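Following: one structure in structure tokens, then a few remarks.
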Amino acid sequence: MRPFESISTSMYYYRLFLGPAGWKVRYASLRKRILNRMLFRDRPDSVEIGLTYLCQMDCVHCGVSGQEKNEDELVLSETKDILRQVSRAGAYMVILGGGEPLLNRHVADITEYSASLGLITGLSTNGYLLDDEMAVLLKKAGLCFANISIDSREESEHDSKRGCGGSFERAVNAIASCRMSGISSIVSAYATRTSLYDGRLRGIIELAREKKASGVRIIPAVPCAKWENKEDLLFEEEDRAFLREMMEPTFVRVEGMCNRFTECNAALKRFFYISPYGEVQPCSFVPVVFGNIRQRSLLDIRNEMISHGFFNDLKSSDCIMRDENIAIKYKAMFSVNKYKDSDIQT
């Protein structure tokens, strides 16, 4: 990364994640970030916790569809215990996800507890429930940023892809509610080979600017869940090059794809996911379970996970689900929902 880009990236990080945080969170997260880079390279940087698999929508691209089971989801006390374990593991950022995390009635309490531990706390949401009142409540609790999903700048197309009328208007209004309350609003959009070239992705970026969002987060399509086996979604090198042209150090980022700004943090072992049932996975898109925090400590599970042959089989730090070697060796597993670590063949 060139010096100017490095400075711009640091400014982007501060503006979106540290700027909205209190002094305690800023100090604690910066300290952990520095220590993780200099001394503890095996520590995670960030963790996503699924608060529920419930959702008001039925998105065509849902990456966790099929992972729901007839089990009790984590209760508030269990989630708080997870947050304590996450903090002790060295992570400095927590993203609350789902399903739709705002359907969890304890989301403000969880956010407040997370922030009290010095964790940068964010939310991945469809925006449907993120109105002014909710934004103020979450900001007061300590929320720093919200990833708000938008699939098209055209209202009818977005609502159709979400299977929910009015979802576009609610998502756009959520950006305004975040801006009003002081929460960073990051428009989250997926990229397919079609949306790269038909102007749809650029349209979403333009919409984000018009609505004064804090930034744009692009996620290249992942062949899992509802998009499992759709190999036509996979990008060729020319597609990647075209996507890189859309990136801007201070506004547009691409996640889960090797580029000069970022790589897949799950593949790099800097990120992992805890499901609403307490299952520990490399990422919410990777339906492979390495243990459950209801049965074992989080640190023990993660240490076993990152030393497992599964990670040794990765051939790049690109998205795990787009790794050709993983697809060949483990593809059958992804088609049968989730597996215990004992079922993973090394």
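Just by accessible area at a 1.4 angstrom probe, what is the order of 65, 152 from largest to smallest?
Accessible-area ranking of 65, 152, largest first: 65, 152.
With each pseudo-label sitting 7 Å past Cα toward Cβ, what's the residue 30-residue 140 distance in nm, one decimal?
It works out to 2.9 nm between the two label points.
Loop only per DSSP, at most 16 neighbouring Cβ atoms within 10 Å: give me the GluC sites (Glu not before Pro) in region 1-109, ordered by residue number.
Loop-located and lightly packed - 71.
So how exposed is residue 162, as accessible area in Å² (1.4 Å probe, rounded to 10)?
20
How do 26, 240, 170, 105 stack up against each other in accessible area, from largest to smallest, with a 1.4 angstrom probe?
So the residues, ranked largest to smallest area, are 105, 170, 26, 240.
Determine how large the accessible area of residue 143 is when every protein chain is in place; take a 1.4 Å probe and give Å² rounded to the nearest 10.
For residue 143, the solvent-accessible surface is approximately 0 Å².
Calculate, axis by axis, the spread of Cα positions in region 79-223 along the three principal axes, and write the results as whole Å, longest axis first.
45, 33, 25
Mind checking region 162-220 for GluC sites (Glu not before Pro) that DSSP puts in a loop (not H, G, I, E or B) and that have at most 11 other Cβ atoms within 10 Å? Walk me through the numbers before you get to the answer.
Working: sites: 169, 206, 210; in loops: none.
Loop-located and lightly packed - none at all.
Multiply the residue gap between residue 295 and residue 329 by 0.36 nm, knock off their C-alpha separation, and tell me the result in nm, one decimal place.
The residue 295-residue 329 span can extend by a further 9.4 nm.
So how exposed is residue 253, as accessible area in Å² (1.4 Å probe, rounded to 10)?
Answer for residue 253: close to 30 Å² accessible.
Rounded to the nearest whole Å², what accessible area per residue is found for the chain with the 1.4 Å probe?
Spelled out: the 1.4 Å probe surface of the chain, per residue, equals 44 Å².
Multiply the residue gap between residue 75 and residue 38 by 0.36 nm, knock off their C-alpha separation, and tell me the result in nm, one decimal place.
Here the answer is 9.7 nm.
Between region 187-251 and region 268-327, what is the C-alpha centre distance in whole Å?
With region 187-251 and region 268-327 each reduced to a Cα centre, they are spaced 24 Å.
Once you have a ≥ b ≥ c as the square roots of the Cα gyration tensor eigenvalues for region 48-145, tell me rounded if a/c is under 1.5, and otherwise prolate or oblate according to whether a/b is larger than b/c.
Oblate, since a/c reaches 1.5 and b/c is not below a/b.
Report the antiparallel proportion of the DSSP beta bridges in the chain as a percent, rounded to a multiple of 5.
Details: 4 of 36 bridges.
Around 10 percent of the beta bridges assigned by DSSP in the chain are antiparallel ones.
Rounded to the nearest percent, how much of the accessible area of the chain (1.4 Å probe, protein heavy atoms only) is carbon and sulfur?
50
Sort the chain into rounded, prolate or oblate with this rule: let a ≥ b ≥ c be the square roots of the eigenvalues of the Cα gyration tensor; rounded if a/c is under 1.5, and if a/c is not under 1.5, prolate when a/b is larger than b/c, oblate otherwise.
Values: a/c = 1.22, a/b = 1.07, b/c = 1.15.
Verdict is rounded for the chain.
Leaving ligands, DNA and RNA out of it, rank 57, 38, 305 by accessible area with a 1.4 Å probe, largest first.
38, 57, 305
The values are calculated or read from the model by the stated rules, or taken from the named source; none is laboratory data. Fair warning: this is a prediction, and the values are worked out from it, not measured in the lab. Reconstructed Cβ throughout: ideal geometry from the backbone, glycine too, with neighbour counts over all protein chains shown. Note: areas computed on protein heavy atoms with side chains; ligands, DNA, RNA excluded. Shrake-Rupley method; radii C 1.70, N 1.55, O 1.52, S 1.80 Å.
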